[in-house]
Amino acid sequence: MPLFEVDPDIRKAKTLASDFYIDPEYFEISKDRIFSRFWHFLGRKDEFETLKPVNLLPGSLDEPFLLSRSGETVNCVSNVCTHRGKILVGEPCRANLIRCGYHGRRFSLDGKFLSMPEFDGVKGFPDESDDLKQIPLETWDGFLFASLDPISAFADLISDALECLTVLHTSEVRFLAKREYEVNAHWALYCENYLEGFHIPYVHKALNEVVEYGTYSTKTFRYSSLQTGYEDGGKIAAEYLFVFPNLMFNFYPWGISVNIVRPITPSRTIVEFLTYVSDERLMNKGAGADLHGVEMEDEAVVESVQKGIRSRFYKHGRYSPTREQGTHHFHRLISEFLG
Ligand code: FES
Ligand SMILES: [Fe+2]
């Protein structure tokens, strides 16, 4: 018997039971069964020289890693020294090996143990546990993704959705800015709001002037979904690609806004907005113009839902079959991976 059941037929289905958002146990289980099994965004491949410390989902998985480049190859290795556990590298830097600043243990850029002072005579040393653990790292059009224990390759995870994406232009973009939002709500409430355009006319009055409600479309794939908003006249205003469980790639005429949803507690979430531009002159026009204003409107409803789902009178809702396919699909994936 699965922990949470969501019927595959959207017309029969009930939304995820509110316990999922409220009970801290499910929050913890989700780290292992969902966040450890999927991919985490680590910026652009060309954003650093040799070594760059990164954290895999800070505040949640909180695992220190190191992106390390040797030639054309980039690896993702543990940033924790295998001797007594010091963090190896604190700031992005250039180097031709990794040297621990505590007792001088040295590693190659791909994490292999090289040498250690004062260890002569230590039995069975070194062995492979003295190397830095390397985890799977993949590139998609210049963006890097890593995973602790992936259910599949990242390329396979998004291949079906990419066939339907029309405005892919990630290779031409450059990083412009990062902004963090703190939302007083469960991470999944933030995602499921993102996954439907149903609320646009009610919540986003200004955005609703730009995006036509009648033609707004949602397509779902195995592990992702794609929403497309059109302007009057049929031109694409924005494409919103969601990759389960927490990555959002928003394609606008000016470039891409990447949003990363980071669970902190069952009622607190950080959302990172990373702006990558290809044509800055288009930033004040259309659906991608006032992202901060839209975010404020979204946060207000999501935080209101966070309060509402705690009610003893609320357990489940139902779905609109024409407008909430993305949210239904997301809930189905959560119930699948929670087991
Ligand atoms: S902790 Fe790194 S050498 Fe001792
Ligand atoms: Fe919204």
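Observations on the model:
- 26 Å Cα-Cα reach of Lys315 towards lysines, excluding residues that sit fewer than 8 places from it in its own chain: Lys12, Lys14, Lys31, Lys307
- Student exercise, the chain dipole from Lys, Arg, Asp, Glu Cβ charges, in Debye to nearest 20: 460
- Each of Val271, Ala153, Tyr213 was scored by the projection of its Cα onto the charge dipole of the chain, and the greatest displacement toward the positive side belongs to Val271; charges sit on the C-beta of Lys, Arg, Asp and Glu.
- Here's the list of lysines a cross-link from Lys205 could span, going by alpha-carbon distance under 18 Å and ignoring same-chain residues fewer than 8 apart: Lys285.
- Take every pair of alpha-carbon atoms less than 8 Å apart whose residues are at least six positions apart; their mean separation over the length of the chain yields a relative contact order of 22 percent.
- Volume per residue of the C-alpha convex hull in the chain, rounded to whole Å³: 148
- Computed about its Cα centre, the charge dipole of region 31-148 is approximately 220 debye, with only Lys, Arg, Asp and Glu carrying charge at their Cβ.
- Compactness of region 68-159 as Cα Rg over 2.2 N^0.38 Å, two decimals: 1.24
- For region 212-339: relative contact order, % (alpha-carbon pairs under 8 angstrom, 6 or more apart): 17
- Residue (of Ile10, Phe38, Asn250) at the positive-pole extreme of the chain, dipole from beta-carbon charges: Phe38
- Accessible area (Å², per residue) of region 231-339, counting only protein heavy atoms and a probe of 1.4 Å: 41
- Heavy-atom accessible surface of region 228-339: percent carbon and sulfur, 1.4 Å: 52
- Contact order relative to length of region 40-139, as percent, for alpha carbon pairs under 8 angstrom and 6 or more apart: 23
- Carbon plus sulfur fraction of accessible area for region 121-161, probe 1.4 Å, in percent: 49
- Over the chain: helical MRE at 222 nm, DSSP H runs n ≥ 4 each giving -39500 (n - 2.57), nearest 500: -6000 deg cm²/dmol
- Think of a 1.4 Å ball rolled over the protein heavy atoms: region 40-139 then has 53 Å² of accessible area per residue.
- Inter-part distance where region 253-310 and region 14-50 are each reduced to a Cα centre, Å: 17
- Trypsin sites (Lys or Arg not before Pro) within region 114-196: DSSP coil, no more than 15 neighbouring Cβ in 10 Å: Lys123, Lys133
- Placing unit charges on each Cβ (+1 for Lys and Arg, -1 for Asp and Glu) gives the chain a dipole about its Cα centre, and among Gly234, Met296, Leu132 the Cα reaching farthest toward its positive end belongs to Leu132.
The values are calculated or read from the model by the stated rules, or taken from the named source; none is laboratory data. What you see is a predicted model; the values in this text were computed from it and never measured. Ideal geometry is used to build each Cβ from the backbone, glycine not excepted, and the neighbour counts take in all protein chains shown. When the accessible area is computed, the model is the full protein with side chains, heavy atoms only, and any ligands, DNA or RNA have been set aside. Shrake-Rupley method; radii C 1.70, N 1.55, O 1.52, S 1.80 Å.
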